[in-house]
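Peer 1: There's a structure below that I have some questions on.
The values are calculated or read from the model by the stated rules, or taken from the named source; none is laboratory data. Predicted model, so just to flag it, every value in this text is computed and none were measured. Neighbour counts run over all protein chains shown; Cβ positions are idealised from the backbone, glycine included.
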């Protein structure tokens, strides 16, 4: 069974490498446009849904701030924004067969206590100095690196192919669940208790996992 997982991991890594080469080649020869804006409406949650592109989350002030950088060869990505019932939704799609002929990187400044959910097909997700009680990130191909300044009620991160590295305050007590088919899992500096209402779940099919308290 171990051999099967290793073969599967090698195949997925090969696909990821091809995707990364195409993604990198796209950024080397394309058109790039950047737009920045502040969301006027009050926001209690941010949902980011990206076909291809990196997502950077940073600690914000009173309003959500968004900077999007679209990169494309033949056609612009379709980017949309909406706010409904306090939920800001940002979407970027390329569609079609040649998915990686366009991409959109998002940098989002998130105020305290605003929940975050990110879904990405191809791209890395990073978060720095976040103050959010509910953070959920899912990627098909991409690494995830998150640093939370306040103890989350729920932190849920998963990748098909990619490493996960999350840092949370050491003073919290967490129910921690880690699972990787191909890769190593390291949990240190975190007080664990399966009965805790605070939960951390990090899972990857192919990738190393790290959960650390600091």
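Peer 1: Going by what's in this entry, would residue 14 be described as more than 21 Å from residue 146 (Cα to Cα) and at pLDDT below 90? Walk me through it before giving the result.
Peer 2: On the way: more than 21 Å from residue 146 (Cα to Cα): yes; at pLDDT below 90: yes.
Yes, satisfied.
Peer 1: Can you report the number of residues in the stretch 141-150 which are outside any strand (DSSP E or B) and within 20 Å of residue 184 (Cβ to Cβ)?
Peer 2: Filtering the stretch 141-150 down to residues outside any strand (DSSP E or B) leaves 142-143, 149-150.
Among the residues that remain, those that are also within 20 Å of residue 184 (Cβ to Cβ) are: 142-143.
Of the residues in that region, 2 qualify.
Peer 1: Within the stretch 171-183, can you find the residues that are farther than 22 Å from residue 139 by Cα and either under 21 Å from the mean Cα position of the chain (by Cα) or surrounded by 13 or more Cβ atoms within 10 Å (Cβ to Cβ) (or both)?
Peer 2: Scanning the stretch 171-183 gives 172, 173, 174, 175.
Peer 1: Continuing with the same structure: When residue 130 is evaluated against the numbered criteria (1) closer than 15 Å to residue 59 by Cα; (2) within 10 Å of the chain's Cα centre (by Cα), which criterion, by number, is the only one it fails?
Peer 2: In the conditions (1) closer than 15 Å to residue 59 by Cα; (2) within 10 Å of the chain's Cα centre (by Cα), residue 130 misses (2) alone.
Peer 1: Restricting attention to the stretch 123-132, and to residues there that are surrounded by fewer than 23 Cβ atoms within 10 Å (Cβ to Cβ) and not in a strand (DSSP E or B), which single residue is modelled with the highest pLDDT?
Peer 2: Checked the stretch 123-132; the qualifying residue modelled with the highest pLDDT is 124.
Peer 1: Of all residues in the stretch 184-205, how many are surrounded by 19 or more Cβ atoms within 10 Å (Cβ to Cβ) and over 16 Å from the mean Cα position of the chain (by Cα)?
Peer 2: Of the residues in the stretch 184-205, 1 are surrounded by 19 or more Cβ atoms within 10 Å (Cβ to Cβ) and over 16 Å from the mean Cα position of the chain (by Cα).
Peer 1: Only one of 103, 138, 120 is at pLDDT below 95, outside any loop (DSSP other than H, G, I, E, B) and under 29 Å from residue 209 (Cβ atoms); which? Walk me through how you get there before you give the answer.
Peer 2: Working: 138 fails: at pLDDT below 95; 120 fails: at pLDDT below 95.
Going through 103, 138, 120 in turn, the sole match is 103.
Peer 1: Restricted to the stretch 151-165, and to residues that are assigned to a strand (DSSP E or B) and touching a helix residue (DSSP H, G or I) at 6+ places or on another chain (Cβ under 9 Å), which residue is surrounded by the fewest Cβ atoms within 10 Å (Cβ to Cβ)?
Peer 2: Among those that are assigned to a strand (DSSP E or B) and touching a helix residue (DSSP H, G or I) at 6+ places or on another chain (Cβ under 9 Å), it is 160.
Peer 1: State which residue is surrounded by the fewest Cβ atoms within 10 Å (Cβ to Cβ) when the search covers only the stretch 48-95 and only residues that are touching a helix residue (DSSP H, G or I) at 6+ places or on another chain (Cβ under 7 Å) and not in a loop (DSSP other than H, G, I, E, B).
Peer 2: Step by step, filter the stretch 48-95, then rank; the result is 72.
Peer 1: Looking at the stretch 60-82, is at least one residue closer than 21 Å to residue 172 by Cβ and in contact with a strand residue (DSSP E or B) (Cβ under 9 Å, 6 or more places away or on another chain)?
Peer 2: For the stretch 60-82, residues closer than 21 Å to residue 172 by Cβ and in contact with a strand residue (DSSP E or B) (Cβ under 9 Å, 6 or more places away or on another chain): absent.
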